[in-house]
Amino acid sequence: RVAYVNGAYVPLSDASVSVEDRGFQFADGVYEVWSVFDGKLADYEGHMTRLARSLTELRIPIPMTRQSLTVVLKETIRRNRVREGIVYLQVTRGAARRDHPFPAPGTLPSVVATSRSVDFQKAEAMARKGVAVLTQPDIRWGRCDIKTVGLLPNVLAKQAAREAGAYEAWMVDELGLVTEGSSTNAWIIDKNGKVRTRDTQANILRGVTRAAILDLLAQEGLELEERPFTVDEAKEAKEAFFTAAGAFLMPTVSIDGVKIGDGKPGPVATKLRRLYLERAR
Ligand code: PDD
């Protein structure tokens, strides 16, 4: 496998950045993940636009034009011979002597890209069965709208889920409301049959897959409420699922061991997943 690192394509095993990279020392950087279908980037625009916004919010200089970044992504996909999988892009504030304030102007941001194949057949099999979710307290900072590489709370939540035999963790605020998944956005079909997901005024990531699903809901004439839901409402829901690049839309069949609906992926989740995949392919 091959990685792009600051202007060069190198074998992944040799790919490296400085130990004084601010991404490494301060999590001072941002990232994006795209799904790759048939060698092409899914939801290309949405992820690019969010990347630009994350960089602007953190005042990290835009490292190269959108066109050049696209070439890097496509070339990384091509050199890894990925037909179906993901491509990962990370931009940090660059390498500089360790000191909290921003480094001197002119410090070049670090740009790294990797890509790998994902067995979408296996993912499909998982989606047909549905997965378990574990709830965890949301202990993150106040700017979860920025896609930073500071993911320690997310890592701890996901690990807790895996140790409990669940696949994803849903994070819960102090009011008992679900914010989002550790690396996904959270959704339910409430007991009135309405599709519910938290609004993006809240402290969550504005998922690109989430936006695509909102379009599909409008197209299908399904009723939507962008309003937070409690863990109890989720446990009583007809259906539950989560969305992200790579996972697309994954039906959830239990939350904290409580069966959702009849314990099988629901019809709405199943249909939306199919529509999303048809649109992306
Ligand atoms: N995660 N919420 C969080 C906290 C996320 O990290 C992600 C994506 C999402 C979904 O966003 P999108 O639909 O734009 O992928 C929501 C990526 C996939 C990751 O960290 O690997």
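What follows draws every value from the coordinates through simple rules; no lab data is involved. A quick note: this is a predicted structure, and the numbers were derived from the prediction, not measured. Don't worry about glycine lacking a Cβ; one is built from the backbone with ideal geometry, like all the others, and counts go over all protein chains shown.
Here are the numbers for this structure:
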read-out	value
Net charge of Cβ neighbours under 14 Å - reference E223; Lys, Arg +1; Asp, Glu -1	0
Cβ-derived FRET efficiency at R0 41 Å, R162 paired with L108, nearest 0.05	0.65
Gain in span if fully extended, T200 to S68, counting 0.36 nm per residue against the direct Cα distance	44.5 nm
Residues V33 and R1, FRET efficiency given R0 of 22 Å [Cβ-Cβ distance, rounded to 0.05]	0.85
Highest to lowest packing among 46-57, 94-105, scored as the average C-beta count within 10 Å	46-57, 94-105
Extension reserve of the L12-D119 stretch, reckoned as 0.36 nm per residue once the Cα distance is removed	36.5 nm
Residues of type lysines that K158 reaches as a straight line, Cα spacing below 28 Å, ignoring anything fewer than 8 places off in the same chain	K122, K129, K147, K191, K194, K235, K238, K259, K264, K271
Relative contact order (%) - the chain, alpha-carbon pairs under 8 angstrom, separation at least six	18 percent
Rounded to 5, percent antiparallel among DSSP beta bridges of the chain	80 percent
